[in-house]
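K.L.:
For reference, the structure I am asking about is given below.
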Amino acid sequence: MNTDDFRTPGQLVEALLERHGWTQRTLAVILGVNEATLNRLVAGKAPITAEMAIILGEIFDLKAETFLELQKKYELAQARIVTRPDPDRANRAALFGGLPVSEMIKRGWIDAKDVRDVQRVENALAKFFGVESINEIEILPHATKKTNTFTPVTPVQLAWIYRVKEIASEMMVAKYSPTAVRNAVDLLSNLLSAPEEARKVPRILAECGIRYVIVESLSPAKIDGVCFWLNDFSPVIGMSLRFDRIDNFWFVLRHEIEHVLQRHGQTAIMLDTELEGERAGTGANISKEERIANEAAAEFCVP
């Protein structure tokens, strides 16, 4: 008997009764149930349980799975009638699953109080990413706007970059001057001997036209620094300070400064992640831009 011919397990039971020449009353007696219960089962108004599937399998010499599979297909067909496709549901899965929304709320990056307030969170995320609706947020596959980065970035890393950009856009600094930046490198080298001298870095960089921003890295991002430009004359350096080490601070800072001097990050954002070990070196597996920045940083820290 081909079970594909039946829409519900009740229809299969009805066909089996006809084959055996039984009435529903006969089957009810065999099963030890009242007729009304069997009528509901045959009519598709009551589901076939796993226990009932085993019993029917014994009676009609069929696998219990045969009845259960029909029941599952029938329930899915009914659910599809009621449950309509909702593209926003997939978007919410990408946003709430890909972004650390709770952490962004806690840090005040987005104006929302509770991740369960979905509508407010969605509006806040759209504002954070500078778009009209959540459908345009660029971590979604179909979003047309995409930030151009030198290396692929995760949604979490992208959120961090947007936060750096948001802060940098509001900063007031002097006019950018490459000459002033080179002079600043000499000034910064005089600060290496005392950790507390690092407090002077933001002022020195602002005076030569670099927007310097510190944003704590989001937990899974492993970001050290970033270099990008708001326009042709407005470089930005962002750092996370994810390591509480003065040597790492100076290495990453000088690394990003070299990106600025080389005008890296103008055509694509230079995001530096896990800038340690081999990635802080000059091997063949390191890109040309990163090798240049690493060499400058190494020479700066240990001449």
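K.L.:
What is the number of the single condition among (1) touching a helix residue (DSSP H, G or I) at 6+ places or on another chain (Cβ under 7 Å); (2) in contact (Cβ under 8 Å) with a residue 24 or more places away in the chain that residue 75 does not meet?
P.N.:
Every condition holds for residue 75 apart from (1).
K.L.:
Starting from residues that are in a helix (DSSP H, G or I) and of a type in the set (A, V, I, L, M, F, W, C), keep the ones in the range 187-206 and report whichever is surrounded by the fewest Cβ atoms within 10 Å (Cβ to Cβ).
P.N.:
Taking the candidates together, the pick is 187.
K.L.:
How do the pairs read when you match residues in the range 106-128 that are surrounded by 12 or more Cβ atoms within 10 Å (Cβ to Cβ) with residues anywhere that are small (Gly, Ala, Ser) and not in a helix (DSSP H, G or I), using Cβ under 6 Å and keeping only pairs 6 or more apart or on different chains?
P.N.:
From residues that are surrounded by 12 or more Cβ atoms within 10 Å (Cβ to Cβ), the pairs are 120/112; 121/112; 124/112; 126/133.
K.L.:
Inspect the range 52-62 for any residue being farther than 30 Å from residue 221 by Cα, surrounded by fewer than 13 Cβ atoms within 10 Å (Cβ to Cβ), out of contact with any strand residue (DSSP E or B) (no Cβ under 9 Å at 6 or more places or on another chain) and not assigned by TED's automatic domain parsing to the domain that holds residue 163 and give the result as yes or no.
P.N.:
Checked against the condition, which is being farther than 30 Å from residue 221 by Cα, surrounded by fewer than 13 Cβ atoms within 10 Å (Cβ to Cβ), out of contact with any strand residue (DSSP E or B) (no Cβ under 9 Å at 6 or more places or on another chain) and not assigned by TED's automatic domain parsing to the domain that holds residue 163, the range 52-62 yields at least one hit.
K.L.:
Run residue 284 past the list (1) in contact with a Ser or Thr (Cβ under 7 Å, 6 or more places away or on another chain); (2) loosely packed, with under 13 Cβ neighbours inside 10 Å and report the number of the one that doesn't hold.
P.N.:
So the condition that residue 284 fails would be (1).
K.L.:
I'd like to check which strands (runs of 3 or more DSSP E) are fully inside the range 207-274 and have at least 3 residues that are assigned by TED's automatic domain parsing to the domain that holds residue 194 and hydrophobic (A, V, I, L, M, F, W, C).
P.N.:
Correct list: 223-229, 235-239.
K.L.:
So how many residues does the range 2-37 have that are in contact (Cβ under 8 Å) with a residue 40 or more places away in the chain and part of a loop (DSSP other than H, G, I, E, B)?
P.N.:
The number of residues fulfilling the criteria is 3.
The values are calculated or read from the model by the stated rules, or taken from the named source; none is laboratory data. Everything numeric in this text was worked out from a predicted model, so none of it was measured. Here the Cβ is made from the backbone with ideal geometry for all residues, glycine too, and neighbour counts use every protein chain on show.
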